[in-house]
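Data block below; observations after.
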């Protein structure tokens, strides 16, 4: 309500997110990005509609039930870090388990130290937020958000208060952790070149999702050299068997979704991402063939 008038912030918004996806939400200021994030996370309640997580309608839960669910299945990363100033890095990272787990204090400490190691901050375990840089604080916040193995991780402008270098490091870390865990990552971001790292981009304007960009299109907004293959959960079309020029190994090609299956010593591997490199590029007809990309690193827009 503004000046007694009801304000419609979101209008007919509907979308589905699969387990393990990395979703970027972009759009101008005031388009409804952060509101959509807050409602999706159960922090705010819409006047109408429904939110379903793992088949469970969130809006039918009371505040205590929602708080418990958030503590067990949802993680948050904020642009202003939201670390508790009176707690050191180790204590901040431990907090979700202290509040919502039955682990012993030793188990919690060990897990917190392990996560500090994963974000390259173990040596700062006993430093307080006031002794850390902005990039270091955000790394601590990321470790805290992942420590309880959330199904969903929401990040609201996680690089907004960081310089370009630290922002890139933070986004690369999030992408890496998204690839290594089963957590679904939903990020509100203002930088389109950063959004290109996502599996899917939702573009908002005036409270609506006006564009949904999948796969390769998501990574070609600004000429990015990263192309995304379709998810392995899609039903595979019939395989076409071809011979790769100059090799005896048989290659099975799925043209419609551009996934290459290489039959080498009877072992198959399907790419989660296809990397289109400038050098040593493999091409056969109109299909790119690449190895499996184990990690993606953001180096700025082209």
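Coordinate-derived values only; no laboratory data. Since this is a predicted model, take the numbers as computed values, not measurements. Please note: Cβ atoms are built from the backbone with ideal geometry, for glycine as well, and neighbour counts cover all protein chains shown.
Can you give the FRET efficiency to the nearest 0.05 for residue 43 and residue 192, using r as the Cβ-Cβ distance and R₀ = 25 Å? It would help to have the intermediate numbers written out before the result.
On the way: r = 26 Å, r/R0 = 1.03.
Efficiency computed from Cβ-Cβ geometry: 0.45.
For the stretch 22-228, DSSP calls about 30 percent of its internal beta bridges antiparallel.
For the stretch 22-228, averaging the sequence separation of C-alpha pairs within contact (under 8 Å, six or more residues apart) and dividing by the residue count gives a relative contact order of 30 percent.
Applying 1/(1 + (r/R0)^6) with R0 = 30 Å to the Cβ-Cβ distance of residue 126 and residue 21, what FRET efficiency is obtained, to the nearest 0.05?
Values: r = 36 Å, r/R0 = 1.20.
Efficiency at R0 = 30 Å is approximately 0.25.
Sorted ascending by nearby beta carbons within 10 Å, beginning with the fewest, 40, 86, 145 become 86, 40, 145. Simple spin-label estimate for residue 212 and residue 164 gives 3.4 nm between the two label positions (7 Å along the Cα-to-Cβ direction from each Cα). Ordering 190, 148 by the number of other Cβ atoms within 10 Å of each residue's own Cβ, fewest first, gives 190, 148.
Between residue 87 and residue 52, 0.36 nm times their residue separation minus their Cα-Cα distance comes to what? It would help to have the intermediate numbers written out before the result.
On the way: separation 35, 0.36 × 35 = 12.60 nm, distance 3.44 nm.
Taking 0.36 nm per residue and subtracting the Cα distance, the gain is 9.2 nm.
Exposure proxy shown here: for 173, 43, the number of other Cβ atoms within 10 Å sets the order, fewest to most, as 43, 173.
For Cα pairs less than 8 Å apart in space and 6+ apart in sequence, what is the mean separation divided by the residue count of the stretch 55-144, i.e. the relative contact order in percent? Write out the running numbers ahead of the final one.
Values: 82 pairs, mean separation 32.2, N = 90.
This gives 36 percent for the stretch 55-144.
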